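Report on the structure given below.
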Amino acid sequence: MDFTEILQSGIGFILTALCWGFTNPFIKRGSVGIERIKKGNWLMQTLAETWFLFTNWRYVVPLAINLSGSAVYYYTLSAADITVAVPITNSLALVFTILGGLLVGEPMPRGKELAGMMCIVLGAALCVTS
């Protein structure tokens, strides 16, 4: 693997993690109000909830960005080793989820949560370097 392939894979991992992680708090925020939908049976409930979500741009736009991250991920996997791609992408997605949460007003993670996040990132780094 030459430098350009490594760089392309790294950019793909970061872009994927950004699309996956950063959009999670926005998807959560866009689905607020779905719990108020009450219908008589499971089919009508499912249809009403689906209509609610897919007619709400605050849900659809972050979801579309999140799903585009999957397209970037599969493209990146064509040139990258999956044993490296999974830990890097998932640990970075966790970091970006926390950053996105802070942006939308979620509370700062506490000490144990930050320690857990650091363990995940360090574990992924160990996987990649070994």
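The values are calculated or read from the model by the stated rules, or taken from the named source; none is laboratory data. All of these numbers come straight from a predicted model, not from anything done at the bench. No Cβ is skipped: glycine too gets one built from the backbone with ideal geometry, and neighbour counts run over all protein chains shown. Calculation scope for accessible area: heavy atoms of the full protein, side chains included, ligands and nucleic acids excluded. Shrake-Rupley method; radii C 1.70, N 1.55, O 1.52, S 1.80 Å.
Worth pointing out:
- Sulfur and carbon atoms: percent of accessible area, the chain [1.4 Å]: 72 percent
- A protection proxy built from the mean count of other Cβ atoms within 10 Å ranks the segments 119-128, 41-50, 18-27, most packed first, as 18-27, 119-128, 41-50.
- Straight-distance candidates among the lysines for linking to Lys112, with alpha-carbon spacing under 25 Å and chain neighbours fewer than 8 residues away dropped: Lys28.
- Mean accessible surface per residue for region 52-115, computed with a 1.4 Å probe while every protein chain stays in place, in Å²: 61 Å²
- Placing +1 on each Lys and Arg Cβ and -1 on each Asp and Glu Cβ, with no other charges, gives the chain a dipole about its Cα centre of roughly 700 debye.
- Whole-Å distance, taken between Cα centres, linking region 88-130 and region 1-35: 13 Å
- Counting charges near Gly105 (Lys, Arg +1; Asp, Glu -1) among other residues having Cβ under 15 Å from its Cβ returns a value of +2.
- Set of aspartates and glutamates with alpha-carbon distance to Lys39 below 20 Å, sequence-local pairs under 8 removed: Glu49
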